[in-house]
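The values are calculated or read from the model by the stated rules, or taken from the named source; none is laboratory data. Treat the numbers as computed from the prediction; the structure is a model and nothing was measured. Cβ sites come from the backbone with ideal geometry, for glycine too, and all protein chains shown count toward neighbours. Areas reflect the complete protein model, heavy atoms only, side chains present, ligands, DNA and RNA absent. Shrake-Rupley method; radii C 1.70, N 1.55, O 1.52, S 1.80 Å.
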Amino acid sequence: MDLFNNTTVSTPKIKRDANLNDRIPDGLFLACPYCGAQLYSKQLGDHRVCPACGYGFRLQARERVALMTTDFEELDADLKLADTDFPGYAGKLERAQQQTELGDSVLTGIATLEDQKVALGIMDSYFIMGSLGTITGEKITRLFEHATAAKLPVILYTASGGARMQEGIHSLMQMAKVSAAVAAHQEAGLPYIVILTDPTMGGVTASFAMQGDITLAEPHALVGFAGKRVIEQTIHEKLPKEFQRAETVLENGFIDAIVQRPAMTATLAQLVRFHQTQEVK
């Protein structure tokens, strides 16, 4: 056999499936937003937690409810904004409503956690970044009013980029309205427990997210008012990497505890049960 002849050997062509990309599901491999670990999606488990650092990937409100309880009665499901004059806002709302199956950026209702009945609110970062709009504020206010009348504790998961710019001053007014409902609930001697999730920023942090009797957070959640880049540009200094992360906020006394997501429901039920025991005494 002549290894040095000039005969051209043709390489057989590999037949490729034109529809192969259509059959590969999106999100099969993910990078942790906090530690950067490359993960196979099934490694996250039902709670969608990074096995390397404990960061909880963002969940939709209904996904959280499914992890917490099978006994949930939604309140104010049909409450939606009637006036959407801001250009393009109506379409944005409609897309968010279809994606999350919510009328606005918070899901509210009455839930049972390990035999403990509570008023439960969950803000959804998939709905226009969990922004605080008129309907969001109205639903949270009604949740507190219902809980006060029914003598129920309130548990609220916060997730927000801040006030919703398309609604202008009406969005900012929700901070005061919800805060008044929180105050009335607390004056009635009823507990309010907040869970800060990633991210909780802007006007939500400046109001009801920091008004709880007990403030918990998920690991590495971003918690703050103004964004890190805005602060750096204002003070002309580079901020630490962990600035505004839940662990730093905990060290500075604004959070009571950081709880891993799989343990959160049991922790909340225990806190509610402890408060009811104290009431009996």
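Hey, among the residues in the stretch 249-261 that are touching a strand residue (DSSP E or B) at 6+ places or on another chain (Cβ under 7 Å) and assigned to a helix (DSSP H, G or I), which one's surrounded by the most Cβ atoms within 10 Å (Cβ to Cβ)?
249
Output the residues belonging to the stretch 178-202 that are in contact with a strand residue (DSSP E or B) (Cβ under 9 Å, 6 or more places away or on another chain), part of a helix (DSSP H, G or I) and open to solvent by less than 20 Å² (accessible area, probe 1.4 Å).
Within the stretch 178-202, the first condition is being in contact with a strand residue (DSSP E or B) (Cβ under 9 Å, 6 or more places away or on another chain), and the residues that meet it are 178, 182, 185-186, 190-202.
Imposing the further condition that a residue be part of a helix (DSSP H, G or I) reduces the set to 178, 182, 185-186, 202.
If the condition is that a residue be in contact with a strand residue (DSSP E or B) (Cβ under 9 Å, 6 or more places away or on another chain), part of a helix (DSSP H, G or I) and open to solvent by less than 20 Å² (accessible area, probe 1.4 Å), then 178, 182, 185, 202 are the ones that fit.
Within the stretch 117-125, is even one residue open to solvent by 10 Å² or more (accessible area, probe 1.4 Å), over 28 Å from residue 33 (Cα atoms) and among the β-branched types (Val, Ile, Thr)?
No, there is no match, as no residue in the stretch 117-125 is open to solvent by 10 Å² or more (accessible area, probe 1.4 Å), over 28 Å from residue 33 (Cα atoms) and among the β-branched types (Val, Ile, Thr).
Every residue in the stretch 146-172 that is closer than 19 Å to residue 227 by Cα and either charged (D, E, K, R) or in contact with a His (Cβ under 6 Å, 6 or more places away or on another chain) (or both), please.
Answer for the stretch 146-172, where residues must be closer than 19 Å to residue 227 by Cα and either charged (D, E, K, R) or in contact with a His (Cβ under 6 Å, 6 or more places away or on another chain) (or both): just 164.
Is it the case, given these coordinates, that residue 64 is under 19 Å from the mean Cα position of the chain (by Cα), under 28 Å from residue 33 (Cβ atoms) and open to solvent by 60 Å² or more (accessible area, probe 1.4 Å)?
Working: under 19 Å from the mean Cα position of the chain (by Cα): yes; under 28 Å from residue 33 (Cβ atoms): yes; open to solvent by 60 Å² or more (accessible area, probe 1.4 Å): no.
No.
Only one of these conditions is not met by residue 89: (1) more than 15 Å from residue 160 (Cβ to Cβ); (2) out of contact with any helix residue (DSSP H, G or I) (no Cβ under 6 Å at 6 or more places or on another chain); (3) hydroxyl-bearing (Ser, Thr, Tyr). Which number is it?
(2)
Looking only at the stretch 144-172, which residues are open to solvent by 10 Å² or more (accessible area, probe 1.4 Å) and β-branched (Val, Ile, Thr)?
Hits for the stretch 144-172 are 148, 169.
Report the residue count in the stretch 209-218 for those that are surrounded by fewer than 22 Cβ atoms within 10 Å (Cβ to Cβ) and within 18 Å of residue 162 (Cβ to Cβ).
Final tally of qualifying residues: 2.
Of 206, 269, 246, 221, which residue is buried (at least 16 other Cβ atoms within 10 Å of the Cβ), touching a Phe, Trp or Tyr at 6+ places or on another chain (Cβ under 6 Å) and among the small types (Gly, Ala, Ser)? Spell out how you get there, then give the answer.
Values: 269 fails: touching a Phe, Trp or Tyr at 6+ places or on another chain (Cβ under 6 Å); 246 fails: touching a Phe, Trp or Tyr at 6+ places or on another chain (Cβ under 6 Å); 221 fails: touching a Phe, Trp or Tyr at 6+ places or on another chain (Cβ under 6 Å).
Only one candidate passes the filter, namely 206.
Filter the stretch 67-85 down to the residues that are closer than 17 Å to residue 174 by Cβ and not aliphatic (A, V, I, L, M), then identify the one that is most open to solvent (accessible area, probe 1.4 Å).
80
So residue 166 clears everything in (1) at pLDDT below 95; (2) within 21 Å of residue 260 (Cα to Cα) except one condition, right? Which one?
(2)
Give me the strands (runs of 3 or more DSSP E) completely within the stretch 28-125, filtered to those with at least 3 residues that are touching a residue at least 24 places away in the same chain (Cβ under 8 Å), ordered by residue number. Break it down into steps so the answer makes sense when it comes.
Numbers: elements: 29-31, 38-40, 72-74, 106-113, 116-123.
Filter on the stretch 28-125 gives 72-74, 106-113, 116-123.
Listed residues 129, 175; which is under 30 Å from residue 50 (Cβ atoms) and either open to solvent by 40 Å² or more (accessible area, probe 1.4 Å) or outside any helix (DSSP H, G or I) (or both)?
Details: 175 fails: under 30 Å from residue 50 (Cβ atoms).
Criteria check complete, one pass: 129.
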